[in-house]
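K.L.:
Provided herewith is a single structure, encoded as structure tokens, for subsequent inquiry.
The values are calculated or read from the model by the stated rules, or taken from the named source; none is laboratory data. Only a predicted model underlies this, so the values are computations on that prediction, with no experimental measurement involved. Positions of Cβ are generated from backbone atoms using ideal geometry, with glycine treated the same way; all protein chains shown enter the neighbour counts.
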């Protein structure tokens, strides 16, 4: 009975948020069609008929507490786990729904079967080992009860909260996919160099509108940006062998310097050479390949613009950087190339971050219920990798 009341309250809150999005004046000017609203409402009704709040209350009463305490323990040693799990969760849900297909390992000896892990957009994903750890602990208490898909969903929410992000409800009862989707992951994941039109299209095909997209991309507030994701902007934009002409020259030099500095520090070879691949005496190809392994953490991201906040986390610095033309990823900066998404960026950047946090929580709920497997569908894996 209590579960029913909880679901009803949460559903009404989410439904009001979806049908009447709130925010500062710039955001209020955006209007979403009745078709979009009806689609969102139908989606919510659909998942509430299959997923439940506290689904494991009888079959594994301590499941969510075990996930929460495990994530807290991991976070105490590795705070970058929040960004890792958030990205892992997004990559899972975006391809064929939140079904833990991203966690499946390649089959030894079967060269004809490729997993999502092996798709190019997923090669830099992290967090697999941590999810396996949580699964092992749950298996000791409740064998073959809690799905890997639910573990990833719950762990991501708990990691977001630990990183200073908003709490949002996670409905459970997902089951795990029996297969991976290599081709789909290769073709349909948003890319760092995507245009705004392609990014909008990919999100729209999954029932996620402009507001959802802009708020979810705000997750780039935390974690690390791989230098490999911005190399084309820095040295070979659109195959021209030149940098992206829209980048401010000072910002361009700073990005090049930071990536090169990071690579030099990680190599720890004593070299003080800070030259870019374009000016290095060694081959450009060799130097760029080295940079592919380096990353910019959040502090470096913030240093790249005087307009950015001095603190990391779920605030407005990501959106402020876009307003100043200093988005690291081309796809991020492209949010300013569209009238609707540009106004959303302006709206999120203009308050204390509360609007972004609210919309991010709402979008995460929508993302978390995409094409879930329930009931007799799929399986409950004993191990998340197979």
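K.L.:
Output the residues belonging to region 347-377 that are closer than 30 Å to residue 176 by Cα and over 20 Å from the mean Cα position of the chain (by Cα).
P.N.:
Listed by number, the residues that qualify are 373, 374, 375, 376, 377.
K.L.:
Failed condition for residue 196, given (1) surrounded by 15 or more Cβ atoms within 10 Å (Cβ to Cβ); (2) under 22 Å from residue 98 (Cβ atoms); (3) modelled with pLDDT of 95 or more, with all others met?
P.N.:
So residue 196 meets the others, but not (2).
K.L.:
In this structure, is residue 344 buried (at least 18 other Cβ atoms within 10 Å of the Cβ) and either in a strand (DSSP E or B) or more than 18 Å from the chain's Cα centre (by Cα) (or both)? Don't jump to the end; show me each part of the working.
P.N.:
Details: buried (at least 18 other Cβ atoms within 10 Å of the Cβ): yes; either in a strand (DSSP E or B) or more than 18 Å from the chain's Cα centre (by Cα) (or both): yes.
In short, yes.
K.L.:
If you take the residues in region 49-71 that are touching a strand residue (DSSP E or B) at 6+ places or on another chain (Cβ under 9 Å) and in a helix (DSSP H, G or I), which one is nearest to residue 140 (Cα to Cα)?
P.N.:
My answer is 63.
K.L.:
Same structure again: Quick test for you: out of 182, 251, 229, pick the one residue that is out of contact with any helix residue (DSSP H, G or I) (no Cβ under 7 Å at 6 or more places or on another chain), crowded, with 18+ Cβ neighbours inside 10 Å and either in contact (Cβ under 8 Å) with a residue 12 or more places away in the chain or under 30 Å from residue 54 (Cα atoms) (or both).
P.N.:
On the way: 182 fails: out of contact with any helix residue (DSSP H, G or I) (no Cβ under 7 Å at 6 or more places or on another chain); 251 fails: crowded, with 18+ Cβ neighbours inside 10 Å.
Within the list 182, 251, 229, the selection yields 229.
K.L.:
Can you say whether residue 74 is touching a helix residue (DSSP H, G or I) at 6+ places or on another chain (Cβ under 6 Å) and either outside any helix (DSSP H, G or I) or farther than 14 Å from residue 148 by Cβ (or both), as far as the supplied structure shows?
P.N.:
Answer is yes for this residue.
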